[in-house]
Amino acid sequence: MSTLQIHDLHVAVETADGQMEILRGVDLTVQSGKTHAIMGPNGSGKSTLAYAIAGHPKYTITGGQVLLDGEDLLEMSVDERARAGLFLAMQYPVEVPGVSVSNFLRSAVTAVRGEAPRLRDFAKELKGGMDALAIDSAFAQRNLNEGFSGGEKKRHEILQLELLKPKIAILDETDSGLDVDALRVVSEGINRFRTSGDTGVLLITHYTRILRYVKPDFVHVFAGGRIVEEGGPELAERLEAEGYARYAGDESTKAPA
Ligand SMILES: Nc1ncnc2c1ncn2[C@@H]1O[C@H](COP(=O)(O)OP(=O)(O)O)[C@@H](O)[C@H]1O
Ligand SMILES: [Mg+2]
């Protein structure tokens, strides 16, 4: 049982003109075994929340707290956060020529578990994960993220989840650029993963499409750098029907000055 607690989080981004406040007081608690969808219009700060929790250097915490099982996550290095059980899937993963998927995953597993798995054990584990996600075996030898299609990137994310078994997984825009088949495979991966273990999932998405396959326990609507509405799965259905227009006139949803 794990809990991620976000209290009154304020985050600014470094721009050419200095700091700009993006998140303006976010409160959110995610428990293992639960799936939370964060939805909202483009530019509302959803990715900023993910990057700030993950420790991206461009994002400065200007106020508030993030605790994982009571430990101050914001005091930890990026590696320590991963070891503490946090996983972030990036909207735009970086290409790393010369590093194979297999090498990358073994390093990641080693970092998180604190010791290198035996090569033979790891090969077996990797194959099992790839089979479950219908990933071709040649994929493991490809250069990390190089020329990956949208579907391959997403399958790779889910493969990382299976191997790393984080306490809290933050998946940013996991449904962007996916065709229906890939969306189904990825959704099944998330579903298998969240029902088998006790991982809390923070699923960040602009579209409601993936929520037809992955049913969230809670839905939070983001606008103007804070949560403006919360509810259950029915809120996602309403957003699918109505879009985000109703939040546009809200003073609190205006872009920060
Ligand atoms: N690295 C950055 N440099 C400048 N502006 C940024 C940066 N990251 C985010 N922003 C700005 O912060 C706001 C929120 O962005 P983001 O968190 O990416 O929103 P979302 O993921 O909801 O689309 C936007 O206005 C965006 O332009
Ligand atoms: Mg985003």
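If packing is taken as the average count of other Cβ atoms within 10 Å, what order do 126-139, 25-38 fall into, highest mean first?
Working: 126-139: 15.0, 25-38: 19.6.
With the highest mean Cβ count within 10 Å placed first, the list reads 25-38, 126-139.
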Practice prompt. Considering Cα pairs under 8 angstrom that are at least six residues apart, work out the relative contact order of the stretch 61-144 and quote it in whole percent.
Written response: 33 percent
Item to complete: Taking the dipole about the Cα centre of the chain, with the C-beta of Lys and Arg at +1 and of Asp and Glu at -1, give me whichever of 147, 132, 51 is farthest to the positive side.
Response: 132
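Note down the magnitude of the dipole of the stretch 1-101 about its Cα centre, charges +1 on Lys and Arg C-beta and -1 on Asp and Glu C-beta and zero elsewhere, to the nearest 20 debye. It would help to have the intermediate numbers written out before the result.
On the way: 6 positive and 12 negative charges, 71 e Å.
Result for the stretch 1-101 is approximately 340 debye, rounded to the nearest 20.
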Fill in: Folded to 0 to 90 degrees: helix 101-113 orientation relative to the chain principal axis, Cα
70 degrees
Response to the item:
The size of the Cβ-based charge dipole (Lys, Arg +1; Asp, Glu -1) of the stretch 109-249 about the Cα centre, to the nearest 20 debye, is 400 debye
Practice prompt. Return one number: the angle in degrees, 0 to 90 and rounded to the nearest 10, between the long axis of the Cα atoms of helix 119-132 and the longest principal axis of the Cα atoms of the chain.
Written response: 60 degrees
Item to complete: Compute the relative contact order of the chain as a whole-number percentage, counting only Cα pairs closer than 8 Å that sit 6 or more residues apart in sequence.
Response: 28 percent
Item to complete: Would you tally the net charge around residue 217, using a Cβ to Cβ cut-off of less than 11 Å, leaving residue 217 out, and scoring K and R as +1, D and E as -1?
Response: +3
Practice prompt. Please tell me the relative contact order of the stretch 1-64 in percent, rounded to the nearest whole number, where contacts are Cα pairs under 8 Å and at least six residues apart.
Written response: 42 percent
Worksheet item: Taking a spot 7 Å from the Cα of residue 75 along the direction of its beta carbon, which residues of the stretch 24-60 have an amide N less than 15 Å from it?
Response: none
Item to complete: Compute the acute angle (0 to 90°) between the alpha-carbon long axis of helix 233-242 and the principal axis of greatest extent of the alpha-carbon atoms of the chain; round to the nearest 10°.
Response: 70 degrees
Worksheet item: Taking the simple approach of a point 7 Å from Cα along Cα-to-Cβ for both residue 62 and residue 19, what is their distance in nm?
Response: 0.6 nm
Worksheet item: Among the lysines, which have Cα under 25 Å from the Cα of residue 124 when same-chain residues fewer than 8 positions away are ignored?
Response: 153, 154, 165, 167
Discussion item. What are the ³J(HN,Hα) couplings of the stretch 36-42, residue after residue, when phi is run through the Karplus curve with 6.51, -1.76, 1.60 and θ = phi - 60°? Round to Hz, x for glycine and proline.
Written reply: 10, 9, 9, 10, x, x, 4
Worksheet item: Taking square-rooted eigenvalues a ≥ b ≥ c of the alpha carbon gyration tensor, is the stretch 1-107 rounded, prolate or oblate, where a/c under 1.5 means rounded and, failing that, a/b exceeding b/c means prolate?
Response: oblate
Fill in: Max mean-square fluctuation residue, GNM over the chain, Cα-Cα springs under 10 Å, options 243, 64, 98
98
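Is the stretch 44-186 best put as rounded, prolate or oblate by its Cα gyration tensor, with a ≥ b ≥ c the root eigenvalues, rounded for a/c under 1.5, and otherwise prolate when a/b is larger than b/c, oblate when not? Display every interim value, and only then the final one.
Values: a/c = 1.97, a/b = 1.35, b/c = 1.46.
Because a/c hits 1.5 or more and a/b fails to exceed b/c, the stretch 44-186 counts as oblate.
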Worksheet, complete the sentence: Fewest-first ordering of 39, 1, 76, 20 by Cβ atoms within 10 Å yields 1, 20, 76, 39
Worksheet item: What list of ³J(HN,Hα) couplings, whole Hz, do you get for the stretch 54-69 from phi and the Karplus terms 6.51, -1.76, 1.60, once you set θ to phi - 60° and write x for glycine and proline?
Response: 6, x, 5, x, 6, 10, 9, 7, 9, x, x, 9, 10, 10, 10, 6
Worksheet item: About the Cα centre of the chain, what is the dipole size in debye to 20, counting +1 per Lys and Arg Cβ and -1 per Asp and Glu Cβ, all else neutral?
Response: 720 debye
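Is the shape of the chain best called rounded, prolate or oblate, per the rule: a/c under 1.5 gives rounded, else a/b larger than b/c gives prolate, else oblate, with a ≥ b ≥ c the square roots of the Cα gyration tensor eigenvalues? Could you put the intermediate results ahead of the total?
Values: a/c = 1.72, a/b = 1.41, b/c = 1.22.
Since a/c reaches 1.5 and a/b is larger than b/c, the shape of the chain is classed as prolate.
FYI, it's all coordinate maths here, none of it is from the lab. This is a predicted model, so every value here is computed, not measured. Note that we place each Cβ from the backbone using ideal geometry, even for glycine, and neighbour counts take in every protein chain shown.
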